[in-house]
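The values are calculated or read from the model by the stated rules, or taken from the named source; none is laboratory data. This structure is a prediction, so every number in the text was calculated from the model and none was measured. FYI the Cβ positions are ideal-geometry reconstructions off the backbone, even for glycines, and counts take in every protein chain you see.
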Amino acid sequence: MYAFLGDKAKLTSRLFVACIALLGFYQLFTTSYKAGPTWLVWAALLFFFGMRHPSIVDRRPVGGVRSWLAFASLIMFVLSFTPVPIRTS
C-alpha cells in the first residue's frame with residue numbers, strides 16, 4: 001500500500017485501524033457471536049506497532065505488472081474477507 005499511495009498510506013492505515021476498531025465494538029455490543037474482542041486486539045496491535053513504515057531507498061514508480069498484481073491481491077482480499085472468520089459451536 002505504501003508503494004502505491006506514498007505519504008497517503010499513513011492516513012489510509014489509520015482509517016483501516018479505525019474501521020477494525022468500529023467492527024470490534026459493533027460485534028461486541030450487537031451480535032450474539034462475540035468476535036469483538038478479537039478485532040479490538042488486532043486494532044490495538046496495529047495502532048501501536050503497525051502505523052509506521054520504514055524509509056524506502058528506491059523511489060522509482062511502480063510498473064504496470066506490479067500494479068496489476070497489487071490490484072489482483074486487493075480483489076482477492078475483498079472476496080475472501082469475512083467479519084467473523086471462525087465460529088465455534
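Report, by residue number, each residue of segment 49-72 that is modelled with pLDDT of 85 or more and exposed (fewer than 10 other Cβ atoms within 10 Å of the Cβ). Within segment 49-72, 65 is the sole residue that qualifies. For segment 9-16, the count of residues that are in a loop (DSSP other than H, G, I, E, B) and touching a helix residue (DSSP H, G or I) at 6+ places or on another chain (Cβ under 6 Å) is zero.
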